[in-house]
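Taking it in order: structure first as structure tokens, then the write-up.
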Amino acid sequence: GPVGYPTTDHMGSTDGAGRYSHFSGTGGNSIYWSPKTGAHWITGALRTKWAAQGWERGPLGYPTTDSNGTPDRIGKFNHFSGAGGNSIYWSPKTGAHWVKGAIRTKWAALGWERSRLGYPTRDEYSVAGSRASDFQRGRLTWNSTTRQVIG
């Protein structure tokens, strides 16, 4: 299958709550399990981005979905258990980027990658007392005073 052969034994995760195994499939593959999220596969650039954020100990938490193709059949995504809602979306043109919290909620309500915004092109970042995420065709900004997302 696409995950390939195991390259590690079944290991305990560094947070002590879950388990994982790494596999030989193209681009790097892992299956992570926790009692709260179950077992989920993460692959390629999604896995690389998640690893850069600290794996399961980072702010994204454990995967809550497998690496899935997007409905537009162009990209891939995983959702994660971290506080406020977290996802990593990837496309060949934009690469892998993390979308979280209220900005993610607004983007989801608009229709994810099929929305007028398209795919994320940058991880969330700070702007004048707020947070923003850039997309192919626009930006969403969360205002820390009003707690509203505009864009």
**OP:** Among the residues of the range 40-66, write down those that are in contact with an Asp or Glu (Cβ under 9 Å, 6 or more places away or on another chain) and of a type in the set (A, V, I, L, M).
**Re:** 42
**OP:** Go over the candidates 77, 23 one by one and state the one that is farther than 23 Å from residue 124 by Cβ and either modelled with pLDDT of 95 or more or open to solvent by less than 60 Å² (accessible area, probe 1.4 Å) (or both).
**Re:** 23
**OP:** Being assigned to a loop (DSSP other than H, G, I, E, B) and loosely packed, with under 14 Cβ neighbours inside 10 Å is the filter here, so list the residues in the range 1-13 that pass it.
**Re:** 1, 2, 5, 7, 8, 9, 10
Original post:
Somewhere in the range 79-88, is a residue without any contact (Cβ under 8 Å) to a residue 40 or more places away in the chain, under 18 Å from residue 59 (Cα atoms) and among the β-branched types (Val, Ile, Thr)?
Top reply: no
Subject >> residue 92, sole failed condition from (1) open to solvent by 40 Å² or more (accessible area, probe 1.4 Å); (2) closer than 25 Å to residue 141 by Cβ >> reply: (2)
**OP:** Scan the range 52-74 residue by residue and report those that are surrounded by fewer than 16 Cβ atoms within 10 Å (Cβ to Cβ) and over 24 Å from residue 19 (Cα atoms).
**Re:** 69, 71, 72, 73
**OP:** With the checklist (1) farther than 17 Å from residue 45 by Cβ; (2) open to solvent by less than 40 Å² (accessible area, probe 1.4 Å); (3) in contact with a strand residue (DSSP E or B) (Cβ under 8 Å, 6 or more places away or on another chain) in hand, flag the one item residue 113 doesn't pass.
**Re:** (1)
Original post:
Can you name the number of the only condition in (1) at pLDDT 95 or above; (2) farther than 17 Å from residue 51 by Cβ that residue 5 fails?
Top reply: (1)
Original post:
Going by the conditions given, is residue 24 of a type in the set (Gly, Ala, Ser) and more than 16 Å from residue 68 (Cα to Cα)?
Top reply: yes
**OP:** Inspect the range 125-133 for any residue being more than 20 Å from residue 71 (Cβ to Cβ), assigned to a loop (DSSP other than H, G, I, E, B) and small (Gly, Ala, Ser) and give the result as yes or no.
**Re:** yes
**OP:** Return only the number of the condition from (1) touching a Pro at 6+ places or on another chain (Cβ under 8 Å); (2) of a type outside the set (Lys, Arg); (3) open to solvent by 10 Å² or more (accessible area, probe 1.4 Å) that residue 42 does not satisfy.
**Re:** (3)
Original post:
For residue 101, all conditions in the list (1) within 15 Å of the chain's Cα centre (by Cα); (2) more than 28 Å from residue 34 (Cβ to Cβ); (3) open to solvent by less than 30 Å² (accessible area, probe 1.4 Å) hold save one; what is the number of the exception?
Top reply: (2)
Original post:
If you scan the range 49-68, which residues turn out to be of a type in the set (Lys, Arg) and either modelled with pLDDT under 95 or in contact with a Ser or Thr (Cβ under 9 Å, 6 or more places away or on another chain) (or both)?
Top reply: 57
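The values are calculated or read from the model by the stated rules, or taken from the named source; none is laboratory data. The shown structure was predicted, so the numbers you read here are calculated from the model rather than taken from an experiment. Counting neighbours? That spans all protein chains shown, and the Cβs are built from the backbone with ideal geometry, glycine included. Areas reflect the complete protein model, heavy atoms only, side chains present, ligands, DNA and RNA absent. Shrake-Rupley method; radii C 1.70, N 1.55, O 1.52, S 1.80 Å.
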